[in-house]
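A short write-up of the structure that comes next.
The values are calculated or read from the model by the stated rules, or taken from the named source; none is laboratory data. Not measured: the values here are computed from a predicted model. We place every Cβ from the backbone using ideal geometry, glycine too, and count neighbours over all the protein chains shown. Protein only, heavy atoms only, side chains kept; ligands, DNA and RNA dropped before computing areas. Shrake-Rupley method; radii C 1.70, N 1.55, O 1.52, S 1.80 Å.
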Amino acid sequence: IGVDNCVDNRLPADTVMARAAQAAHAARADGVLIKYYDEAVAQRLTSRLHMAARIHSAIELGQFELYFQPICRARDGHPIMLEALLRWPQADGSWINPADFIGLAEDTGQMIGLGRWVIRAAARAQQALATAGWPELTVAVNVSAVQFYNDDLVGELSRACEEAGIAPGALQVELTESSLMRDPERGLQTMQRLHERGICVAL
(Lines give C-alpha, C1' and ligand atoms only; values in the text may rest on other atoms or scores of the structure.)
Protein backbone atom coordinates (compact mmCIF):
# COMPACT_ATOMS: atom_id res chain seq x y z
CA ILE A 1 0.00 0.00 0.00
CA GLY A 2 1.28 3.44 -0.92
CA VAL A 3 0.10 6.50 0.99
CA ASP A 4 0.39 10.22 0.28
CA ASN A 5 -0.57 12.38 3.27
CA CYS A 6 -1.49 15.21 0.89
CA VAL A 7 -0.85 18.09 3.28
CA ASP A 8 -1.25 20.52 0.37
CA ASN A 9 -4.93 20.60 -0.58
CA ARG A 10 -4.13 22.51 -3.76
CA LEU A 11 -2.54 19.46 -5.41
CA PRO A 12 -4.53 17.87 -8.25
CA ALA A 13 -5.97 14.46 -7.51
CA ASP A 14 -3.90 12.76 -10.23
CA THR A 15 -0.70 14.08 -8.59
CA VAL A 16 -1.74 12.66 -5.24
CA MET A 17 -2.58 9.31 -6.87
CA ALA A 18 0.76 9.29 -8.66
CA ARG A 19 2.60 9.89 -5.40
CA ALA A 20 0.68 7.10 -3.69
CA ALA A 21 1.56 4.82 -6.63
CA GLN A 22 5.24 5.69 -6.24
CA ALA A 23 5.05 4.88 -2.55
CA ALA A 24 3.34 1.56 -3.35
CA HIS A 25 6.14 0.72 -5.77
CA ALA A 26 8.70 1.51 -3.07
CA ALA A 27 6.78 -0.65 -0.57
CA ARG A 28 6.89 -3.57 -2.99
CA ALA A 29 10.61 -3.09 -3.63
CA ASP A 30 11.36 -2.92 0.11
CA GLY A 31 9.09 -5.84 1.00
CA VAL A 32 6.96 -3.83 3.42
CA LEU A 33 3.17 -3.52 3.62
CA ILE A 34 2.86 0.27 3.76
CA LYS A 35 5.10 3.07 2.50
CA TYR A 36 4.48 6.80 2.83
CA TYR A 37 5.43 9.14 0.02
CA ASP A 38 8.25 11.58 0.63
CA GLU A 39 10.99 13.20 -1.44
CA ALA A 40 13.31 10.25 -0.84
CA VAL A 41 10.74 7.94 -2.45
CA ALA A 42 10.48 10.27 -5.46
CA GLN A 43 14.25 10.54 -5.85
CA ARG A 44 14.65 6.79 -5.56
CA LEU A 45 12.04 6.14 -8.25
CA THR A 46 13.64 8.70 -10.55
CA SER A 47 17.01 7.05 -9.99
CA ARG A 48 15.57 3.61 -10.76
CA LEU A 49 13.94 4.86 -13.96
CA HIS A 50 17.24 6.43 -15.03
CA MET A 51 19.13 3.23 -14.29
CA ALA A 52 16.53 1.14 -16.15
CA ALA A 53 17.03 3.32 -19.22
CA ARG A 54 20.79 2.91 -18.92
CA ILE A 55 20.44 -0.89 -18.71
CA HIS A 56 18.34 -0.91 -21.86
CA SER A 57 20.92 1.21 -23.68
CA ALA A 58 23.82 -0.93 -22.42
CA ILE A 59 22.17 -4.10 -23.74
CA GLU A 60 21.59 -2.46 -27.13
CA LEU A 61 25.17 -1.15 -27.31
CA GLY A 62 26.83 -4.34 -26.02
CA GLN A 63 28.42 -2.64 -23.02
CA PHE A 64 28.23 -5.62 -20.68
CA GLU A 65 31.12 -8.07 -20.32
CA LEU A 66 31.58 -11.57 -19.00
CA TYR A 67 34.38 -12.43 -16.63
CA PHE A 68 35.16 -16.02 -15.77
CA GLN A 69 35.90 -17.52 -12.38
CA PRO A 70 37.65 -20.89 -12.52
CA ILE A 71 36.31 -23.76 -10.45
CA CYS A 72 39.14 -26.16 -9.68
CA ARG A 73 39.45 -29.74 -8.46
CA ALA A 74 40.58 -29.67 -4.84
CA ARG A 75 43.10 -32.49 -4.98
CA ASP A 76 45.27 -31.10 -7.77
CA GLY A 77 44.02 -27.60 -8.59
CA HIS A 78 43.08 -28.59 -12.14
CA PRO A 79 40.31 -26.36 -13.59
CA ILE A 80 37.12 -28.26 -14.35
CA MET A 81 34.67 -25.44 -15.05
CA LEU A 82 34.37 -21.69 -15.47
CA GLU A 83 31.57 -19.64 -13.91
CA ALA A 84 30.45 -16.71 -16.07
CA LEU A 85 30.14 -13.46 -14.08
CA LEU A 86 28.30 -10.49 -15.57
CA ARG A 87 30.10 -7.15 -15.31
CA TRP A 88 29.19 -3.62 -16.42
CA PRO A 89 32.29 -1.46 -16.96
CA GLN A 90 31.99 2.31 -17.27
CA ALA A 91 33.82 4.74 -19.52
CA ASP A 92 35.69 6.26 -16.56
CA GLY A 93 37.14 2.89 -15.56
CA SER A 94 34.68 2.23 -12.74
CA TRP A 95 32.16 -0.59 -12.49
CA ILE A 96 28.49 -0.74 -11.62
CA ASN A 97 27.94 -3.38 -8.94
CA PRO A 98 25.73 -6.26 -10.17
CA ALA A 99 23.64 -5.81 -7.02
CA ASP A 100 22.70 -2.36 -8.33
CA PHE A 101 21.36 -3.52 -11.69
CA ILE A 102 20.45 -7.23 -11.64
CA GLY A 103 17.40 -6.80 -9.40
CA LEU A 104 16.23 -3.79 -11.38
CA ALA A 105 16.67 -5.66 -14.65
CA GLU A 106 14.47 -8.41 -13.22
CA ASP A 107 11.83 -5.93 -12.01
CA THR A 108 11.63 -4.19 -15.38
CA GLY A 109 11.63 -7.35 -17.52
CA GLN A 110 15.03 -6.53 -19.04
CA MET A 111 16.57 -9.62 -17.50
CA ILE A 112 15.17 -11.66 -20.39
CA GLY A 113 17.21 -9.76 -22.99
CA LEU A 114 20.24 -9.49 -20.75
CA GLY A 115 20.07 -13.19 -19.91
CA ARG A 116 19.94 -14.09 -23.60
CA TRP A 117 23.06 -12.03 -24.20
CA VAL A 118 24.85 -13.78 -21.32
CA ILE A 119 23.96 -17.24 -22.67
CA ARG A 120 25.21 -16.42 -26.17
CA ALA A 121 28.40 -14.80 -24.87
CA ALA A 122 29.07 -17.82 -22.62
CA ALA A 123 28.57 -20.19 -25.57
CA ARG A 124 31.05 -18.21 -27.68
CA ALA A 125 33.52 -18.24 -24.79
CA GLN A 126 33.25 -22.01 -24.44
CA GLN A 127 33.84 -22.40 -28.18
CA ALA A 128 36.98 -20.25 -27.83
CA LEU A 129 38.13 -22.45 -24.94
CA ALA A 130 37.67 -25.58 -27.05
CA THR A 131 39.65 -24.01 -29.91
CA ALA A 132 42.43 -23.15 -27.46
CA GLY A 133 42.68 -26.77 -26.32
CA TRP A 134 40.26 -26.82 -23.36
CA PRO A 135 37.19 -28.57 -24.80
CA GLU A 136 36.37 -30.29 -21.50
CA LEU A 137 35.86 -27.01 -19.61
CA THR A 138 32.15 -26.28 -19.25
CA VAL A 139 30.88 -22.77 -18.64
CA ALA A 140 28.31 -22.25 -15.89
CA VAL A 141 25.70 -19.51 -16.38
CA ASN A 142 23.63 -18.06 -13.54
CA VAL A 143 19.96 -17.90 -14.53
CA SER A 144 17.47 -15.68 -12.71
CA ALA A 145 14.00 -16.82 -11.75
CA VAL A 146 12.54 -14.34 -14.24
CA GLN A 147 14.47 -15.95 -17.05
CA PHE A 148 13.83 -19.47 -15.80
CA TYR A 149 10.05 -19.11 -15.71
CA ASN A 150 9.28 -16.45 -18.31
CA ASP A 151 11.52 -17.31 -21.21
CA ASP A 152 12.15 -20.31 -23.44
CA LEU A 153 15.31 -21.13 -21.54
CA VAL A 154 15.75 -24.57 -23.11
CA GLY A 155 15.36 -23.13 -26.60
CA GLU A 156 17.71 -20.23 -25.88
CA LEU A 157 20.44 -22.53 -24.59
CA SER A 158 20.02 -24.94 -27.50
CA ARG A 159 20.16 -22.16 -30.10
CA ALA A 160 23.19 -20.54 -28.47
CA CYS A 161 25.10 -23.83 -28.42
CA GLU A 162 24.13 -24.58 -32.02
CA GLU A 163 25.22 -21.13 -33.21
CA ALA A 164 28.56 -21.47 -31.40
CA GLY A 165 29.10 -25.01 -32.64
CA ILE A 166 29.35 -26.57 -29.19
CA ALA A 167 27.54 -29.45 -27.50
CA PRO A 168 24.60 -28.48 -25.23
CA GLY A 169 26.45 -30.03 -22.30
CA ALA A 170 29.23 -27.47 -22.72
CA LEU A 171 27.05 -25.01 -20.81
CA GLN A 172 25.67 -25.51 -17.32
CA VAL A 173 22.76 -23.70 -15.72
CA GLU A 174 23.08 -22.43 -12.15
CA LEU A 175 19.94 -21.71 -10.13
CA THR A 176 19.28 -20.60 -6.58
CA GLU A 177 17.06 -22.88 -4.53
CA SER A 178 14.70 -19.98 -3.80
CA SER A 179 14.09 -19.34 -7.49
CA LEU A 180 13.23 -22.99 -8.06
CA MET A 181 10.79 -23.00 -5.15
CA ARG A 182 8.70 -20.21 -6.67
CA ASP A 183 6.98 -22.82 -8.80
CA PRO A 184 8.46 -26.27 -8.08
CA GLU A 185 6.28 -28.14 -10.56
CA ARG A 186 7.13 -25.90 -13.51
CA GLY A 187 10.72 -25.74 -12.35
CA LEU A 188 11.08 -29.51 -12.36
CA GLN A 189 9.54 -29.69 -15.83
CA THR A 190 12.07 -27.19 -17.16
CA MET A 191 14.91 -29.03 -15.43
CA GLN A 192 13.75 -32.28 -17.03
CA ARG A 193 13.74 -30.66 -20.48
CA LEU A 194 17.24 -29.30 -19.85
CA HIS A 195 18.37 -32.76 -18.76
CA GLU A 196 16.94 -34.29 -21.94
CA ARG A 197 19.02 -31.84 -23.99
CA GLY A 198 22.15 -32.80 -22.07
CA ILE A 199 22.35 -29.51 -20.17
CA CYS A 200 23.35 -29.86 -16.52
CA VAL A 201 21.67 -27.87 -13.75
CA ALA A 202 23.39 -26.90 -10.50
CA LEU A 203 21.57 -25.61 -7.43
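Here is how the numbers come out for the structure above:
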{"item": "Sequence-distant residues sharing a close amide H with Cys200 (under 5 Å, placed H)", "result": "Val173"}
{"item": "Helix 39-61 axis, angle to the chain major axis (alpha carbon atoms, nearest 10°)", "result": "30"}
{"item": "HN-Hα J in Hz across segment 174-189 - Karplus 6.51, -1.76, 1.60, θ = phi - 60°, x for Gly and Pro", "result": "10, 10, 8, 4, 5, 5, 5, 6, 4, 8, x, 5, 5, x, 5, 5"}
{"item": "Heavy-atom accessible area per residue - the chain, 1.4 Å, Å²", "result": "57"}
{"item": "Filtered GluC sites (Glu not before Pro), segment 100-203: DSSP coil and at most 12 other beta carbons within 10 Å", "result": "Glu136"}
{"item": "Protein accessible area in the chain, 1.4 Å probe - carbon and sulfur %", "result": "54"}
{"item": "Globularity index of segment 49-203, i.e. its alpha-carbon radius of gyration over 2.2 N^0.38 Å", "result": "1.05"}
{"item": "Under 16 Å from the Glu60 label point (7 Å along Cα→beta-carbon), backbone N, segment 112-154", "result": "113-114"}
{"item": "Point-to-point label distance, Arg10-Ile34, nm (Cα→Cβ direction, 7 Å offset)", "result": "2.9"}
{"item": "Estimated inter-spin distance, Leu188 and Met51, nm [label 7 Å along Cα→Cβ]", "result": "3.6"}
{"item": "Point-charge dipole on Cβ atoms (K/R +1, D/E -1) for segment 83-187, about Cα centre, debye to 20", "result": "260"}
{"item": "Cα Rg, Dmax (largest Cα-Cα span) when computed across segment 19-68, Å", "result": "14.6, 43"}
{"item": "On Cα atoms only, tilt of 153-164 relative to the major axis of the chain in degrees", "result": "50"}
{"item": "Inter-centroid distance (Cα atoms) of segment 1-51 relative to segment 152-203, Å", "result": "39"}
{"item": "Amide proton proximity set for Thr138, modelled H, under 5 Å, gap of 5+", "result": "Leu82"}
{"item": "Value at 222 nm in deg cm²/dmol, rounded to 500, when DSSP H runs of n ≥ 4 in the chain each add -39,500 (n - 2.57)", "result": "-17000 deg cm²/dmol"}
{"item": "Nearest-10 value in Å² for the accessible area of Thr46, using the 1.4 Å probe", "result": "90"}
{"item": "Heavy-atom SASA rank of Asp38, Asp107 (probe 1.4 Å, accessible area, largest first)", "result": "Asp107, Asp38"}
